[in-house]
1. So, of the residues in the range 39-71 that are in contact with a Lys or Arg (Cβ under 7 Å, 6 or more places away or on another chain) and of a type in the set (S, T, N, Q), which turns out to be surrounded by the fewest Cβ atoms within 10 Å (Cβ to Cβ)?
2. Looking at Val19 and the list (1) of a type in the set (A, V, I, L, M, F, W, C); (2) surrounded by 10 or more Cβ atoms within 10 Å (Cβ to Cβ); (3) within 20 Å of the chain's Cα centre (by Cα), which single condition is not satisfied?
3. Given Val102, Val82, which one is touching a residue at least 12 places away in the same chain (Cβ under 8 Å), out of contact with any Gly (no Cβ under 7 Å at 6 or more places or on another chain) and closer than 20 Å to Lys142 by Cβ?
4. Here is a list of conditions, (1) modelled with pLDDT of 90 or more; (2) under 20 Å from Ala37 (Cα atoms); (3) buried (at least 16 other Cβ atoms within 10 Å of the Cβ), and His105 meets all of them except one; can you say which number that is?
5. For Met94, state whether it is touching a helix residue (DSSP H, G or I) at 6+ places or on another chain (Cβ under 9 Å), of a type in the set (A, V, I, L, M) and closer than 19 Å to Ala37 by Cβ.
6. Where residues in the range 109-150 are of a type outside the set (Gly, Ala, Ser) and part of a loop (DSSP other than H, G, I, E, B), which of them is surrounded by the most Cβ atoms within 10 Å (Cβ to Cβ)?
7. If you check Asp66 against the conditions, is it farther than 30 Å from Glu14 by Cβ and in contact (Cβ under 8 Å) with a residue 60 or more places away in the chain?
Amino acid sequence: MKIQFVEKEMPEGEVEVTVAAAEKNQQVAKVIASLSALEKESPKVLSFKTADGIQLVRMADVIYVDVSETELLIYTTKDLLVTKGTLTQLLARMKNENVVQVSKHAAVNIAHLERLENSFFGSMLAKLSQGNQTMVSRRYVKKLTEQLGL
């Protein structure tokens, strides 16, 4: 791999990256994905408004998130937080490549994923740390396995 810097006249604060190769292969895809991840930069700590006040949670402590009617249930290594909002809004706030949506109502932190078990009709059961588990809808199985590098 050859890396070079070329100075170019551009608007202040803007960076342009070009990836050149003979063909778009897996290595090129990894480089592009890494560059995209740098741009997203996920927060290390998130704040949530709960009935008790405002709770701060380290992203590394989030095991999984589930939606129950109008509430977001955030399962962490320390406790369960209940807050308002949608899963889509929360995933946008998290900006974390380790947090993967696994169903219409749930997302898991793959850092806490211990194993996947086959279930009914192509879905899977995600076994997570601290005895937590959630279903992976067949619609999301492929996305999760790709994120795991399978």
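The values are calculated or read from the model by the stated rules, or taken from the named source; none is laboratory data. Since we're looking at a predicted model, the values are computed, not measured. FYI the Cβ positions are ideal-geometry reconstructions off the backbone, even for glycines, and counts take in every protein chain you see.
1. In this case the residue turns out to be Thr70.
2. Checking Val19 against (1) of a type in the set (A, V, I, L, M, F, W, C); (2) surrounded by 10 or more Cβ atoms within 10 Å (Cβ to Cβ); (3) within 20 Å of the chain's Cα centre (by Cα), the one that fails is (3).
3. When all the criteria are applied, what remains is Val102.
4. Just one mismatch for His105, condition (2).
5. Taking the combined requirement at face value, the residue satisfies it.
6. Asn132
7. Criteria met by Asp66.
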